[in-house]
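**Q** Questions regarding the structure given below will be posed in turn.
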Number of protein chains: 2
Amino acid sequence: MRDAYQEQMTALNSVLGEMVAEVGREMELATRALLEADLELAEKVISDHDTVTERSVEAEDLAFQLMALQAPVAGDLRSIVSGFQLVSEIDRMGALALHVAKVARRRHPAKVLPDEVAGYFEEMGRLAVELAGNARRILETQDYQDALTLMDDDDAMDDLHRHLFTVMMDREWEHGVSAAVDVTLLGRYYERYADHAVLIARRVVFQATGKTPEQLLDAS
Amino acid sequence: MRDAYQEQMTALNSVLGEMVAEVGREMELATRALLEADLELAEKVISDHDTVTERSVEAEDLAFQLMALQAPVAGDLRSIVSGFQLVSEIDRMGALALHVAKVARRRHPAKVLPDEVAGYFEEMGRLAVELAGNARRILETQDYQDALTLMDDDDAMDDLHRHLFTVMMDREWEHGVSAAVDVTLLGRYYERYADHAVLIARRVVFQATGKTPEQLLDAS
């Protein structure tokens, strides 16, 4: 019984890992579509998005099977519940990559980003993809020590996000309100994407230890 | 056993109902703080926010107890899992109300909103509070027919949100980039708040029937 549980739980975490790899790829392509005003890439992200939605349903089904079939004990239940919450986080990351692709498509053939902020988005995109890669790793290893080090890993993203506002507020911003609105929304999408990646780390800590990161750190 | 389950499930839904009432109040006060540049109100929303966080922990504990103690059957498990997901939705609504209050505080004593968009936010605030009220009602009644009618209830919010962009893109917008950035972010907060309220309706449909709204509508 216990072995069957472990096996199915590993299968669930593996689907979650693949999902987060997929939303990492989506954000990578969406960022390129945005920076290069590449309509074809933007369309690809938009049409590939269904894959994430389908995998979400698959992951939730696996989690329900785990619950219903294995009559899990308390600690296992917490892990399974985390599984459902992880699906939501990853789904949301996919939706945010989709938003980026849609902005790129809406403005095509024009570039969305004035040159002076393009570099910020290149870096935010790189960070987003890196965070997704880290999230995938800890989902698969369930290494909570590793997860603890990732919990504040969105600081660099937050810094970039703040700088972005400084650039727009500058008197020398000459791209008007329309570009500022796009940049504001896009900045928010990347920031939220990073938030969700970091929440994955928190949930893995809980899944692996039955404690929140704060409870763990208080105890140490 | 079954009676105990029903009783605890009712208790859980009642806590969720109170939570959504609380985040409705928070959005109401945050909107007033925003429109009237009322620092005291903004501070109140910010300090009251801990209540929502505390109730979330309470609600999750109740859901874990339900799972662990009642050895629930498959349909009940789905309801309990929905309970966890509902906590996340409501938490997020609270966080968005908090964001609104923080913008009001950051700009105090200045008003954040130029006069020509204040009316939009008054209406978006009214809608947000109404949606939270509806979400509370269906959480407490578990009336899935009622929930189905609420599923697209954020159309009015989406319309307002779109109009807001039209106002900012107008050549006659003379409030500069800084105001446009604030208005863009605030618009997004209200829109997302409404999204979450509508997701509550979807989850109640699932909780009450074991089917997604689409599955239900296909079958009818």
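The values are calculated or read from the model by the stated rules, or taken from the named source; none is laboratory data. Small disclaimer: the values here were computed from a predicted structure and weren't measured. We place every Cβ from the backbone using ideal geometry, glycine too, and count neighbours over all the protein chains shown.
**Q** Only one of B:V81, B:V57, B:V112 is within 11 Å of chain A (Cβ to nearest Cβ), of a type outside the set (K, R) and either surrounded by fewer than 23 Cβ atoms within 10 Å (Cβ to Cβ) or not in a helix (DSSP H, G or I) (or both); which?
**A** Testing whether each residue is within 11 Å of chain A (Cβ to nearest Cβ), of a type outside the set (K, R) and either surrounded by fewer than 23 Cβ atoms within 10 Å (Cβ to Cβ) or not in a helix (DSSP H, G or I) (or both) leaves just B:V57.
**Q** Being away from chain B (no Cβ under 13 Å), in contact with a Ser or Thr (Cβ under 8 Å, 6 or more places away or on another chain), closer than 22 Å to A:D153 by Cβ and surrounded by 20 or more Cβ atoms within 10 Å (Cβ to Cβ) narrows it down to one of A:V87, A:V100, so name that one.
**A** A:V100
**Q** Can you say whether B:A42 is away from every other protein chain (no Cβ under 14 Å) and either under 30 Å from A:L77 (Cβ atoms) or of a type in the set (A, V, I, L, M, F, W, C) (or both), as far as the supplied structure shows?
**A** Considered against the rule, which asks whether it is away from every other protein chain (no Cβ under 14 Å) and either under 30 Å from A:L77 (Cβ atoms) or of a type in the set (A, V, I, L, M, F, W, C) (or both), B:A42 comes out as yes.
**Q** List every residue pair whose Cβ atoms sit under 7 Å apart, with the two residues 6 or more apart in sequence or on different chains, where the first one lies in segment A:170-192 and is among the polar types (S, T, N, Q) and the second, anywhere, is part of a helix (DSSP H, G or I).
**A** Filtered contacts from segment A:170-192: A:S178/B:M169; A:T184/B:V181; A:T184/B:T184; A:T184/B:L185.
**Q** Then there is this: So how many residues does segment A:130-172 have that are within 14 Å of another protein chain (Cβ to nearest Cβ) and at positive phi?
**A** The number of residues fulfilling the criteria is 0.
**Q** Limited to segment A:100-140, what total is found for residues that are acidic (D, E) and under 22 Å from the mean Cα position of the chain (by Cα)?
**A** 4
**Q** Considering only segment B:173-195, how many residues are in contact with a helix residue (DSSP H, G or I) (Cβ under 9 Å, 6 or more places away or on another chain), more than 9 Å from chain A (Cβ to nearest Cβ) and over 15 Å from A:V183 (Cα atoms)?
**A** So the answer is 7.
**Q** Among the numbered conditions (1) of a type in the set (A, V, I, L, M); (2) surrounded by 23 or more Cβ atoms within 10 Å (Cβ to Cβ); (3) within 14 Å of another protein chain (Cβ to nearest Cβ), tell me where B:V23 comes up short.
**A** Every listed condition holds for B:V23 apart from (3).
Residues are listed down the side, and each one gets a yes or a no for (1) over 30 Å from A:W173 (Cα atoms); (2) modelled with pLDDT of 90 or more:
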| site | (1), (2) |
| --- | --- |
| B:E130 | yes, yes |
| B:D146 | yes, yes |
| B:D153 | yes, no |
| B:A179 | no, yes |
| B:G187 | no, yes |
| B:R202 | yes, yes |
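**Q** Here is a follow-up. Please specify each residue of segment B:26-54 satisfying the condition of being surrounded by fewer than 16 Cβ atoms within 10 Å (Cβ to Cβ) and either within 21 Å of B:R188 (Cβ to Cβ) or at pLDDT 95 or above (or both).
**A** B:E36, B:L39, B:E40, B:E43, B:S47
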